[in-house]
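The values are calculated or read from the model by the stated rules, or taken from the named source; none is laboratory data. A quick note: this is a predicted structure, and the numbers were derived from the prediction, not measured. Because the Cβ atoms are built from the backbone with ideal geometry, glycine has one as well, and the counts that use them run over all protein chains shown. Ligands, DNA and RNA are stripped out before the accessible areas are found, and what is left, the full protein with its side chains, is counted by its heavy atoms. Shrake-Rupley method; radii C 1.70, N 1.55, O 1.52, S 1.80 Å.
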Amino acid sequence: MLKKISTLLFPLLALFFAAPHALAQNAPAAGQSGDGIALAPARFELEMTPGSETTVVVNLDYHTSRADAQPYRLVASLNDWDMNEKGELGFYKAGARPLSASPWIIYSPAEVTVQPGQTHSIRVTITVPKDATPGDHLAALIVEQRPDTIKLNRNARQMVMRFRMASMFYITVPRATRRGTLANLQARTDARGIVVTPTLKNEGNSVVRPISSIKVVDASGRTVAELPEGEALPVLAGATLSQPLVIEKALAPGTYTVKYRVDFQDGGKVTEGVTDLTIQETKENATGTSASSKRPD
């Protein structure tokens, strides 16, 4: 009799706050909390001049406490990547995207069998062409389990674990520019609480990593809710990011002012945006007006 077979797929996950470009850094190897395969570093930021070459190492650490743990056969490949306006990652065929760094990269080995309790290395060599344009060039080294290593026993209950991991590469060619701007700010409420959505733009050719905070004040100027300063998602070169930030708090009906402050860490001054938030007694959702923003003197 055929028993039930459960298949779990672990997709690429973006952990952009604690580690802005760590993707599925720990992949469960056997369905137990103490086991996993870690890929590190999860992000490389390398400033390289045209015509230069460097080699880095990506480590695969197979940690497990199980005596019966089995080896895994993994295969590596290159992808291009970017991030859309919502902060979602997209992955593409190597060399398909503008300003791809994939054609500059070779790696070895392309396949590796990772043994329990051991660390295995993949050497990655980046060679920047002499005619490389200034700014960021992106690529991702993807590591995943070979499909042909997954064996199903049709007479036994099984859990099949599949995972993908990625190490993200930013290759920055000199004369990089970073120019972050706050294009818009909106605020509303829903079942989650206060939802503030800033629209951030990067008019430069290299990534900016904003640090932002939010305060909500009532008509008397008293702070009634806030989100402390923290690192937001990065804004890639020439890109726009519009990611909602949620303050889990319910407010009484009334009119409030939402103040959003952001330091783009681009060498410019801190930017502040202000918008109104009106909560009506008869409506579940309130919306804020469009924002004004400035860089305080």
Please list the non-local residues whose amide H lies under 5 Å from the amide H of A225, H modeled 1.01 Å from N, same-chain partners needing a gap of 5 or more. V216
Which entries in K215/K249; K93/K130; K201/K249 show an alpha-carbon gap greater than 22 Å? K93/K130; K201/K249
What ³J(HN,Hα) values, in whole Hz, does the Karplus curve 6.51 cos²θ - 1.76 cosθ + 1.60 give for the range 176-181 when θ = phi - 60°, with x put for Gly and Pro? 6, 10, 9, 8, x, 9
Simple spin-label model, 7 Å along Cα-to-Cβ: T54 to S213 in nm? 3.3 nm
Residue separation times 0.36 nm, minus the C-alpha to C-alpha distance between K86 and T119: what's the value? 8.3 nm
Pull out the extension gain between E231 and A176, defined as 0.36 nm times the separation in residues minus the alpha carbon to alpha carbon distance; nm, one decimal. 17.7 nm
Hey, what's the per residue convex hull volume over the C-alpha atoms of the range 53-146, in cubic angstrom? 120 Å³
Whole-Hz ³J(HN,Hα) for each residue in the range 139-145, computed from phi via Karplus 6.51 cos²θ - 1.76 cosθ + 1.60 with θ = phi - 60°, x for glycine and proline: what do you get? 7, 9, 8, 9, 10, 8, 6
In the range 97-111, whose amide N lies under 19 Å from the spot 7 Å out along Cα-to-Cβ of T127? List them in ranges. 100-110
Could you work out what % of the accessible surface of the range 213-275 is carbon and sulfur, using a 1.4 angstrom probe and leaving DNA, RNA and ligands out of the count? 47 percent
Averaged per residue, what accessible surface does the range 49-148 expose to a 1.4 Å probe, in Å²? 50 Å²
With each label point set 7 Å from Cα along the Cα-Cβ vector, what nm distance links E281 and A183? 4.0 nm
Read phi for every residue in the range 112-124 and hand back ³J(HN,Hα) as whole Hz from Karplus 6.51 cos²θ - 1.76 cosθ + 1.60, θ = phi - 60°, with x for Gly and Pro. 8, 9, 8, 9, x, x, 10, 10, 10, 10, 10, 8, 10
Report, as a whole number in µm² per second, the diffusion coefficient that Stokes-Einstein gives for the range 175-266 at 37 °C and 0.692 mPa s using the Kirkwood radius over alpha carbon pairs. 236 µm²/s
